[in-house]
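No lab work stands behind these numbers, since they all come straight from the coordinates. Keep in mind it's a predicted model, so treat the numbers as computed, not measured. Cβ placement follows ideal geometry from the backbone for every residue including glycine, while neighbour counts extend to all protein chains displayed.
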Amino acid sequence: MHVFKSDVAIVGAGGAGLRAAIAVAEADPSLTVALISKVYPMRSHTVAAEGGAAGVVQAHDSLQHHFDDTVSGGDWLCEQDAVDYFVAHCTEEMVQLEHWGCPWSRKDDGHVDIRAFGGMKIERTWFAADKTGFHMLHTLFQTSIKYPSIKRFDEYFCCDLIVEDGRCQGALAIGIGTGEFTLIQAKAVIIATGGAGRVFRQNTNGGIVTGDGMALAYRHGVPLRDMEFVQYHPTCLPGSGLLITEACRGEGGIMVNKDGRRYLQDYGLGPADPWPRKKAMELGPRDRLCQAFWHEEQNGRTIATAQGEAVHLDLRHLGKKKLHQRLPQICEMAEAFLGVDPVDAPIPVRPAVHYTMGGIQVDIKTASPLPGLYAAGECSSIGIHGANRLGSNSLAELCVFGKVAGSEAARFATSTTAGNSTTIERQADAARQRAMKLVNRSKGSERISVLRNEMALSMERGCGIYRNGTDMQATCEKIDELKLRYRNVEVGDKSSVWNTEWLLAIELGYLLDVAQAIAYSALNRKESRGAHQRLDGFDQRDDANYLKHSLAQYADAGPPRIDYGRVAITRSQPGTRAYGAAGEQAERDRKHGEAIDE
Amino acid sequence: MNETRKVIAIEVLRYRPELDEKPFFQTYQVPFTEEMSVLQGLLYIKDELDGTLSFRWSCRMAICGSCGAMIDGVPKLGCHTFLRDYYPNKLRVEPLAHFPIERDLVVGADDFIGKLERIKPYIVPKEPRTLAEGEYLQTPAQLERILQFSSCINCMLCYAACPQYGLDPAFIGPGVLALLHRYNADSRDSARAERMELVNAEEGVWSCTAVGYCSEVCPKGVDPANAVNQNKTTSAVDYFVHLVRPKGAGR
């Protein structure tokens, strides 16, 4: 086994991992950073983010507004201290990216332009056309090349964390091109492996988004928090689930059902006009828009396509020039994948799984309960998204908390010494043998793709936009069964070089663990909040019993234990979450109330 | 929906260095629907027919740059190329030309990444600024000069298309030269002179024989040939400036 000694190891080199690596390098250039990624960094799924990243810039906007939008958008399940830190640091991170060369779209005067986004009261979404994630990722990757202390392990697949002496001290990785194992020793480890959307069938995620880091931390006893909150994105291509950015609606796009009606006005988001209008209609939050689609489908008002039911996203009134300038990738995708030119015809769209609000439990400094282990980005639950994330908060999160993770891990690494190499290597060897068991044993009886498809279908059925106890229970049982069957999974490929079948089998193990955490957390939350909506008598938010975080605790055999943790509420007491005219009225009432209080 | 599913033959180049003395073609029969991409065809093979076939992929939407391959001899992204366009003929999928095959459709990308790392692909600021001072101003026109070249997804199709890179792997090549140009043309940057040393060197722009196939195969309209050409002009200007103004002379 190869051994590499580093100060800070980072697993995952998407937006959060790269930002963290740069933060370590800037905090202390003498620290060696091992940046481990199963793909070349610029292939990471940050690349597919389209619409933009939040950061307050306008004079009539404020951190308080961004805070309020985020906390109410999250249905008050947010860690309010973390949200405060977040909104206060978004803008400087956006400026930092600008200094590093990110080609933000500009206004005529040369200042960075911003656009409207769902659930946001005032325009504060920075964007680079409709390829914001792509440009942010390439900017971060290319900038990271400047720092000699960042040692990349590109196409190294992390198969375990090394926990020794009560703290995380490294990672074990498979060099994909050789099949050889490398132990990457570290004084601190940051997980930045992104989400787990591939747990579901129709999703916007790339094939690599398999919850690796979540599962690894979870198996080592770190709770996965709020996993039942899975975001569906309302505008995706039917069948493939490919993402059609919310920026389409930020720019003024409308959504209509088969009768041509802007149906969102029938779901508490109206009135329809004037349009565009913030925090109303098509610029409502994602959970509400997906729920509206579900009802339209139930009531037979959606449009049948070869790939299933859809509604129409109509951009025609924006005109060719604006579409090509602001939404070039959407035009290209609609043309390539549907043969539709959005200049002339509406795009059929439907909800698909997009984002995991929950993740590895970390505190406001990105530290997990396991000493030496940090997490940032979608894999983490720092608590800013609550029960529903607002669009453009996740790209900002990568930067704000990627940087914190880097600084904190650097500080921790400086204040500690490397552990005992002999015991660490012994541990790594045991982990290596566990990983090798999948290829070494004789023929298994279960096909990877069969298990994966059964999981994805069952998750969609039990943990979809609307949920009920019976279906969630069935999904929990299905995942339990699949985990048992996984013990006999077949890896026919016995070779070392680029054995992707082996890696798929390991990923399937990660997916199943994460799926189980999602399903059991969902089953146990007997209320409706944000993206977790129940139809079986628990259709209201229940602050008395469930204004708390779910904590899924891994169990070696059998289902996870679901515990609960308190929510940090500093200054925004849970209120009514309202959008459209109702939201405007609620805001007037609130202001009126404050005026009387004074 | 159509009950009789069409079936297309996909002929894939296989090579497993531990097992195969040399590459060979293996043909798979793949049922497909109208919207299925070549990548989805490969995924069908991997899931249903032969788990040992290896290839890179991720985003499925032509932005991560992973799934480039020679499809009937033309460098293309698998996710952005559709089986319906080849049916009823069979379809041949091979690894990207001009790169060493690691296994099956996976090629070694080290050379490309190494070149990318050499060109200083980051801003070296003209006037350093603190974050508190806010963003650099950049007009839409200044942005326009770099936007196209910053759209490179590093898919390496242009390298597979470039006859010169095929002959001489030392050539920096179209994609990386486009990125180099992207930074040189950025109103915020000051490292042009350092990068021009690479541009002017033997493996820089002068290796390009102006075939233009790189731009034809680019899935993102980056037009690397244009970047290379613009740098030939600048490189030539540099050369003449160098003749009339010896090093060390003031401006």
Ellipticity estimate at 222 nm from DSSP helix runs (n ≥ 4, -39,500 (n - 2.57)) divided over chain A, nearest 500: -11500 deg cm²/dmol
Dipole in debye (nearest 20) - region B:6-107, about Cα centre, beta carbon charges: Lys, Arg +1; Asp, Glu -1: 160
Order of A:F134, B:F112 - criterion: other Cβ atoms within 10 Å of each residue's Cβ, fewest first: B:F112, A:F134
Within chain A, longest stretch free of exposed trypsin sites (Lys or Arg not before Pro) [DSSP loop, at most 13 other beta carbons within 10 Å]: A:108-440
Spin-label pair A:D589/A:A418, simplified geometry with 7 Å Cα→Cβ offset, distance in nm: 6.2
Inter-site label distance for A:T305 and A:K548 at 7 Å from Cα along Cβ, in nm: 4.3
Values of log10 I(q)/I(0), in the order q = 0.15, 0.24 Å⁻¹, for region A:415-501 under a Debye, Cα-only, solvent-free model: -0.75, -1.11
Dipole in debye (nearest 20) - region A:300-391, about Cα centre, beta carbon charges: Lys, Arg +1; Asp, Glu -1: 280
Taking region B:6-107 and dividing mean pair separation by its residue count, relative contact order in percent (alpha carbons under 8 Å, at least six apart): 34
FRET efficiency for A:K320 and B:T139, using Cβ-Cβ distance with R0 set to 22 Å, rounded to 0.05: 0.45
Taking only Cα atoms of region A:442-566, radius of gyration then Dmax in Å: 16.7, 56
Segment A:D563-A:E335, extension gain: residue separation times 0.36 nm, minus the distance between their alpha carbons: 77.3 nm
Exceeding the 32 Å Cα-Cα cut-off - candidates A:K107/B:K126; A:K151/A:K321; A:K38/A:K483: A:K151/A:K321
Furthest towards positive pole of dipole, A:G383, A:T193, A:F67, structure part the protein assembly as shown, Cβ charges: A:T193
Rounded to the nearest 20 debye, dipole of region A:446-492 from Cβ charges on Lys, Arg, Asp, Glu: 80
Kirkwood Rh and Cα Rg combined as Rg over Rh, evaluated for chain A: 0.96
Nearest-ten-degree value, helix B:224-244 long axis tilted from longest Cα axis of chain B: 30
Cα principal axis extents for chain B, largest first, Å: 75, 43, 30
Sequence-separation-based contact order of chain A, relative, with Cα cut under 8 Å and 6+ spacing, percent: 22
FRET efficiency for A:D28 and A:R219, using Cβ-Cβ distance with R0 set to 30 Å, rounded to 0.05: 0.45
Computed log₁₀ I(q)/I(0) - Debye formula, equal Cα scatterers, no solvent, region B:6-107, q 0.14 Å⁻¹: -0.47
On Cα atoms only, tilt of A:421-440 relative to the major axis of chain A in degrees: 70
Per principal axis, descending, Cα span of region A:206-261 in whole Å: 51, 23, 22
Overall Cα dimensions of region A:1-127, principal axis frame, Å, largest first: 56, 39, 27
Radius of gyration and maximum dimension Dmax of region A:266-344, Cα, Å: 14.3, 37
Near-label residues of region A:8-51 by backbone N, under 20 Å of a point 7 Å along Cα→Cβ of A:K146: A:13-35, A:41-42
If the convex hull is drawn through the Cα atoms of region B:110-244, its volume per residue in Å³: 118
FRET efficiency for B:D20 and A:H2, using Cβ-Cβ distance with R0 set to 25 Å, rounded to 0.05: 0.45
Within 10 Å of each Cβ in A:488-500, the average number of Cβ atoms from other chains: 5
A:E477 versus B:Y87: modelled label distance in nm, points set 7 Å from Cα along the beta carbon direction: 3.9
Nearest-ten-degree value, helix A:286-298 long axis tilted from longest Cα axis of chain A: 70
